Amino acid sequence: MNNITIGQYIPGDSWLHRLDPRIKMLSLVVLLVGTFIIPISTSWGPIASMGAIFIGMLILTASAGIPIKKMVNGLKPIVFLLTFTFFIQLFFITDGNLLVSFDFSLSLTSVGAMIALIVFYNWSKKYVKFRILYFLFIVLALFAVQYALPYLSFYTYQLDVYDQGLMRAGFIFIRITNVIIMTSLLTFTTMTTDLNYAIESLLKPLKWIKVPVDVIAMMLSLTLRYIPTLLEETEKIMKAQASRGVDFKESKFKDKVVQIISLLIPVFVISFKRAEDLGNAMEVRGYVIGAKRTKIDQYHIGFKDIMSLITVILFLGAIITVRILG
Amino acid sequence: MGIQFKDVSYAYRGFKVNYDAIGHITLDIKPQDEFIAIVGHTGSGKSTLVQHMNALLLPTKGRVVVFGQELPPKKNEKVNYLRQKVGLVFQFPEYQLFEETILKDIMFGPKNFKSTEEEAMEKAKKAASIVGIDESLYEQSPFRISGGQMRRVAVAGILAMEPEILVLDEPTRGLDPKGRKDLMAIFKEIHETEHKTIIMITHDMDLVSEYAKRVIVLNNGTLAFDGPKELLFEHPHFEDFHLDMPTSLKILKHLEKEVGIPYKPQYDYASLLQYLKEVSHE
């Protein structure tokens, strides 16, 4: 239950931690825009700038004192997406020079081998630690047998790798990685309360068109606040139902449905009860929706904050100039 | 048989450091005729201790033996069946109710342990009658009855599994005095008629003195005292446990000091009254 790592705050005292949350969020937006403005192309300019951003992000990570291991862990959930887009790009772009060409065939031998592989995967997956990597490896193996066992074939197809395809695939790969590193840098170095403050303060202009910004911010902060509480309650209910003989790990699908219900309904009931209690507690302490409220923490934008913002804006300007001129 | 703890420690994994919830606990609990109270203040590891008894938690050091089954178990050994032998009732068990009808909810436990529909129904009805849930309530929703009744239904849900040892984590918390008395009477009845061992976590020293036979005191995750309640309350260093005296003993001590009635421990109000009558007749 406690292994949710994406976007978890890592306590620290680096300059990135101390940067004003509003500036950090603005800078993230500017950087993201910059990253997406760089055109997908196979000339060396954009690829080099993409690589430069990547290196810059690594330097930032190091300067914030975030362990590289944490960053890699944060990338884990998107490994699947990364590989998938990589291969789609690789095989479906057919410009430029042909590098290699593979002949695949569906044949009696290869289909047989594929079925055997899938059966083997289902049997062996519970013994393997790196599930996603293992899954990708098996998928690769599925294609490998189609390549290696063309005997008695009844259907053949070709997949060609062109140099343009390879470069575009690599480009998109780095771009997605960059985006993930940027956003996790923000969440790693900013507490949820600060993030919430930043969102509230950046959305303030929307008040002019009657959007209840402070209510949205309050909802957001309460939601974030209650995630650990509800996880804790869920764990308690899981234990209570386990004491009544529910085996959440090893059971048939038919039983699983009842088990999930035995977990969902109590958690649902508890969250309503919690919400009601919280509402009462807030009202008792004088919370009125839409009333003007003051903050316990005051944020000041300092010299460093302005310099950081200017740097990222210069960066964006540079990219736009290159794009227009190039 | 029963439950044995052999130098058991359990550490929760923290962000960077692991901190010990319980450490070096050695215990022997017989499967019959024991009524044990586990006391100690908040955070002393009481709940962690009892969750080892039905294999919800596995010791990080040392061994627990529950009805001959070693914990932590060997690879590919299932421990789920232990939860039928050792029934654990959590704090505020009414939150675990989920079925459409009360009877169905009580049947959930036995059905998980491979009882047929009819057997489960029979066990559920028996458990419901033990905790005093009326037949007219069987088809009602468990969410439409009072809090005290919900708690009884939840307790019945564990009793219906016919466990050999019953473990209760603060069973009377949040109940009014009458609800507390009724619930404790149910546990006493089960203990006396079926001779089942009952293990109960509580903060209420009056319950300890009236019902328990043996008391286990935990202090910062270690065993501070394990023995009969008579020895605990007469312990020369009782203050070191940071526990409250039961009301009946307080009254007796006060009477000895103020009016000179000789102190002779009485553990519940009925025997206290009896004793005072005897003294006044002399």
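Charge dipole of segment B:126-282 (Cα centre as origin; +1 on each Lys and Arg Cβ, -1 on each Asp and Glu Cβ, all else neutral): 220 debye, rounded to the nearest 20. This model, with +1 at the C-beta of Lys and Arg and -1 at the C-beta of Asp and Glu, gives the protein assembly as shown a dipole about its Cα centre of some 2000 debye. Please compute the net charge surrounding B:K213, taking Lys and Arg as +1 and Asp and Glu as -1 over other residues with Cβ under 14 Å from its Cβ. Residues close to B:K213 contribute a combined charge of -2. Of all beta bridges that DSSP places with both ends in the protein assembly as shown, some 65 percent have antiparallel geometry. Taking a point 7 Å out from the Cα of A:K70 in the direction of its Cβ, the residues of segment A:185-224 whose backbone N falls within less than 13 Å of it are A:185-192.
Counted residue by residue at 0.36 nm each, then reduced by the alpha carbon distance between them, the extension gain from A:I260 to A:L314 reaches 14.2 nm. Rounded to 0.05, the FRET efficiency of the B:E117 and A:V29 pair, given R0 = 51 Å and the Cβ-Cβ distance, is 0.30.
DSSP bridge analysis restricted to chain B gives an antiparallel fraction near 60%, rounded to the nearest 5.
Within a straight-line Cα-Cα reach of under 16 Å, A:K249 can be paired with the following aspartates and glutamates, leaving aside sequence neighbours fewer than 8 residues apart in one chain: A:E235, B:E77. For A:K292, a cut-off of 23 angstrom between C-alpha atoms picks up these lysines, skipping any fewer than 8 places away in its own chain: A:K204, A:K207, A:K210. In units of the compact-protein estimate 2.2 N^0.38 Å, segment A:94-177 shows a Cα radius of gyration of 1.34. The H on the amide N of B:V167, modeled in the peptide plane, is under 5 Å from the matching H of B:G87, B:L88, B:V89, B:I199, each at least 5 residues off or on a different chain.
How big is D for segment B:160-239, in µm² s⁻¹ as a whole number, if Stokes-Einstein is applied with the Kirkwood radius of its Cα pairs at 10 °C and 1.306 mPa s? My calculation gives 114 µm²/s for D.
What chymotrypsin sites (Phe, Trp or Tyr not before Pro) in segment A:1-83 are in a loop by DSSP, with at most 13 other Cβ atoms within 10 Å of the Cβ?
On the way: sites: A:Y9, A:W15, A:F36, A:W44, A:F54, A:F80; in loops: A:Y9.
Here no chymotrypsin sites (Phe, Trp or Tyr not before Pro) fit, given the DSSP loop and packing criteria.
So the label point goes 7 Å from the Cα of B:S141 along Cα→C-beta, right? Which residues of segment B:84-113 then have their backbone N under 11 Å from it? It comes to B:100-101, nothing else.
A dipole drawn for the protein assembly as shown from +1 and -1 charges on Cβ atoms has a positive end, and of B:L168, B:L218, A:T61 the residue lying farthest that way is A:T61. With the Kirkwood sum run over all distinct C-alpha pairs, chain B has a hydrodynamic radius of 20.3 Å. For chain B, a Gaussian network of Cα nodes joined below 10 Å ranks B:A11, B:A270, B:A120 by mean-square fluctuation, and the top entry is B:A270.
Place a point 7 Å from Cα of A:T229 in the direction of its Cβ. Which residues in segment A:249-276 have their backbone N less than 13 Å from it? So the set is A:270-276.
With a Förster radius of 45 Å applied to the C-beta separation of B:K181 and A:D277, the computed FRET efficiency comes to 0.95. In a Gaussian network model over chain B where Cα atoms closer than 10 Å are linked, find which of B:P228, B:P236, B:P171 has the largest mean-square fluctuation. Looking only at B:P228, B:P236, B:P171, the biggest GNM fluctuation is shown by B:P236.
About its Cα centre, segment A:98-180 has a charge dipole of approximately 540 debye under the convention of +1 per Lys or Arg Cβ and -1 per Asp or Glu Cβ, with nothing else charged. Taken over the protein assembly as shown, the convex hull of the Cα atoms encloses 246 Å³ per residue. Quotient of the Cα radius of gyration of chain A and 2.2 N^0.38 Å, N being its number of residues: 1.30. Residues in segment A:141-149 carry Karplus couplings, in order, of 5, 4, 6, 4, 5, 5, 7, 8, 10 Hz; the curve used is 6.51 cos²θ - 1.76 cosθ + 1.60 with θ = phi - 60°, and Gly or Pro positions show x. Loop-located trypsin sites (Lys or Arg not before Pro) in segment B:1-79 (DSSP state not H, G, I, E or B) with no more than 10 neighbouring Cβ atoms inside 10 Å: B:K16, B:K74, B:K75.
Across the cross-link table entries A:K24/A:K129; B:K30/B:K114; B:K104/B:K188, which are compared at the Cα atoms, the separations over 29 Å belong to A:K24/A:K129.
Every number in this text was worked out from the coordinates using simple rules, so none of it is lab data. Remember, it's a predicted structure, so these values are computed and weren't measured experimentally. Backbone-built Cβ (ideal geometry, glycine too); neighbour counts: all protein chains shown.
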